[in-house]
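J.: Before I ask anything, let me first share the structure, which is written out below as structure tokens.
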Amino acid sequence: MRAPFIVGNWKMHKTVTESLDYVTAFLPQIAEMRDCDIAVAPVFTALASVAAAASGTALQVFAQDVAAEGPSGAFTGEVAAEMLKEAGCRGAIVGHSERRRNYGETDAIVAAKARRALDAGLLPIACLGETLAERESGAALEVVERQLGAIAGALTEADARRIVLAYEPVWAIGTGRAATPDVAQAMHRHIRSIWEAAFGATAAAELRILYGGSVTAENVADFTSLPDVDGALVGGASLSPAGFAQLIRRSRE
Ligand code: PEP
């Protein structure tokens, strides 16, 4: 019932030219993969070009962030959801841990970004996850509940049936130390039960929850085969078109 979803977060990698070269190499490799939603999230400057190159194909384009304000105004350096939509984006990642940690994004800011994205007709992928210290102190569930509560508080039931969530334990991002399938399944199950309490059984059953954190072609199926994992948010392993295509193929095996 929930379409699997694999998203490549390119972070601050690839110029416009490099992004277009990637898409040229990648599109033929995913042409036959019709049972899975596939997206990449390039840097802002490459979004319009990548979206144009991907137009009419199954490849969706996401921004890595979106302004909490909009549709326009005195917000130097920010890009509004409406502008991303016009550039051809299908959605935007919000609340990535690198933004929470390096740019001071609070739960309230992340919730406002998710709200703005939805209002502009974009699909938000809202990221959640605890740090290593939080996990080791036994606070992982509490932290994710707090992050999730802020996002849920900004949504209607209809929104709750559209948004995508990504559980990305901070200690697993870019470290080569992925969560174990047991840890991922337990947290995903917990997130879905919180969604059910907030928005009802239908919204919870429809909610797509991606796992992120050192996902590779070798381990992706360990996660995507889990009952409450509906896909993956992939950083490093999405940077090569052949490698990312292979990872997506493996996720379906
Ligand atoms: C990410 O950037 O969201 C991510 C999960 O990175 P990596 O796959 O490199 O751990």
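The values are calculated or read from the model by the stated rules, or taken from the named source; none is laboratory data. These numbers were taken from a predicted model, which means no experiment stands behind them. A quick note on method: Cβ atoms are made from the backbone with ideal geometry, for glycine too, and the neighbour counts reach across all protein chains shown. Side chains included, ligands, DNA and RNA excluded: accessible areas come from the protein's heavy atoms. Shrake-Rupley method; radii C 1.70, N 1.55, O 1.52, S 1.80 Å.
J.: Straight-line reach from Lys11: which aspartates and glutamates fall under 13 Å, measuring Cα to Cα and dropping same-chain residues less than 8 apart?
T.: Asp65, Glu98
J.: Still on this structure, please answer the following. Show me 229-240, 176-187, 68-79 ranked by packing, highest mean number of other Cβ atoms within 10 Å first.
T.: Top of the packing list down: 229-240, 176-187, 68-79.
J.: Tell me the Rg and the Dmax, in Å, that the Cα atoms of the chain produce.
T.: Just the Cα atoms of the chain yield Rg and Dmax of 16.8, 49 Å.
J.: Using a cut-off of 15 Å between beta-carbons, work out the net charge of the residues near Ala150 (Lys and Arg +1, Asp and Glu -1, Ala150 not included).
T.: Combined, the nearby Lys, Arg, Asp and Glu give 0.
J.: How much area per residue is accessible in the range 188-253 when the probe is 1.4 Å and only protein heavy atoms are counted (Å²)?
T.: 35
J.: What net charge is computed for the residues neighbouring Gly235, neighbours being all others with C-beta under 12 Å from the C-beta of Gly235, Lys and Arg scored +1, Asp and Glu -1?
T.: Net charge around Gly235: -1.
J.: Using 7 Å Cα-to-Cβ label points, what is the Ala242/Phe44 separation (nm, one decimal)?
T.: With each label point 7 Å from Cα toward Cβ, the separation is 3.4 nm.
J.: Calculate the spin-label point distance for Ala31 paired with Glu136, positioning each point 7 Å from the Cα along the beta-carbon direction, and give it in nanometres.
T.: Result: 5.0 nm between the two label points.
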